[in-house]
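Chemist: So that we are looking at the same thing, I have put the structure below in structure tokens.
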Amino acid sequence: MASLPFPLAFSEVPQAWTDKYKEAKSAGLIPNIEPPKANSAGVVTYGANVKMSEVCNWEVDGCQLDSSISMAPDGVLAIGLDDGATAAVDGLTKMLTEQNVTLSHFVIGSAIVNFPSAMTTLAQAKPAQHIACHSWSHLQLPLFTDEELVADLGWCQQIVS
Ligand SMILES: [Zn+2]
């Protein structure tokens with residue numbers, strides 16, 4: 001596992017990540033959507049000019065995902081756990097091994113800093129588990145700039161790999 005700065009500094013992003021972002025942006029792979037605002041209750045709202053069909057986040061179902069990603073095959077139950085890695089991973093992993101079950105674990109980079117052994121346990125679990133980044137900060141990602149998103153998701157990916 002990499003040694004990372006904590007707390008996360010958005011300005012400390014490797015140049016390669018910034019270069020990849022700029023490459024994707026100039027290729028038109030990243031849409032130009034007016035940034036949303038959050039009200040005092042934290043509810044995110046988009047401007048009147050935003051095409052909501054282009055917005056993809058958990059509060060707005062505009063995501064155009066291939067069904068092979070978003071739907072389990074017939075006869076298969078897909079289970080995802082949010083907000084790991086936590087101190088509960090040891091017991092959970094024991095149960096998953098005993099039951100020969102694989103889950104999708106969406107882990108938070110800053111949580112891994114607090115529970116590094118839990119991430120190691122999860123990464124070495126038998127059967128192998130699906131591990132995905134659920135951001136570094138677990139803040140409201142729609143409110144982030146593109147550059148902040150690159151940092152948040154990049155640092156999460158870095159600590160997971
Ligand atoms: Zn979460």
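Chemist: If packing is taken as the average count of other Cβ atoms within 10 Å, what order do 37-46, 115-124 fall into, highest mean first?
Modeler: Packing order, densest peptide first, comes out as 115-124, 37-46.
Chemist: Per residue of the range 108-114, what does 6.51 cos²θ - 1.76 cosθ + 1.60 with θ = phi - 60° give for ³J(HN,Hα)? Whole Hz please, x for Gly and Pro, Karplus curve as stated.
Modeler: 9, x, 5, 6, 5, 4, 7
Chemist: What nm value, rounded to one decimal, do you get for the distance between Gln64 and Asp83 when each label is placed 7 Å out toward the C-beta?
Modeler: 3.3
Chemist: In whole percent, what relative contact order does the chain give with Cα contacts below 8 Å and a gap of six or more residues? Working shown, then result.
Modeler: Working: 191 pairs, mean separation 41.1, N = 161.
Contact order relative to length: 26 percent.
Chemist: Which order do the peptides 143-155, 86-98 come out in when sorted by mean C-beta neighbours inside 10 angstrom, highest first?
Modeler: Highest to lowest by the protection proxy: 143-155, 86-98.
Chemist: Further question: Out of all DSSP beta bridges with both ends in the chain, state the antiparallel percent to the nearest 5.
Modeler: 35
Chemist: Another question, then. Express the relative contact order of the range 72-161 as a whole percentage, based on alpha carbon pairs under 8 Å and six or more residues apart in sequence.
Modeler: Relative contact order comes out at 29 percent.
Chemist: While we're here: With each pseudo-label sitting 7 Å past Cα toward Cβ, what's the Gln140-Thr97 distance in nm, one decimal?
Modeler: My value for the distance between the label points is 4.2 nm.
Chemist: Can I ask one more? Applying the Karplus parametrisation 6.51 cos²θ - 1.76 cosθ + 1.60 with θ = phi - 60° to the phi angles of the range 144-153, what ³J(HN,Hα) value in whole Hz is obtained for each residue in order, glycine and proline being reported as x?
Modeler: Each residue of the range 144-153 in turn: 7, 6, 4, 5, 5, 5, 4, 5, 4, 6 Hz.
Throughout, read-outs are computed from the coordinates displayed, never taken from laboratory work. On a predicted model such as this, the values are computed, not experimentally measured, just so you know. Here the Cβ is made from the backbone with ideal geometry for all residues, glycine too, and neighbour counts use every protein chain on show.
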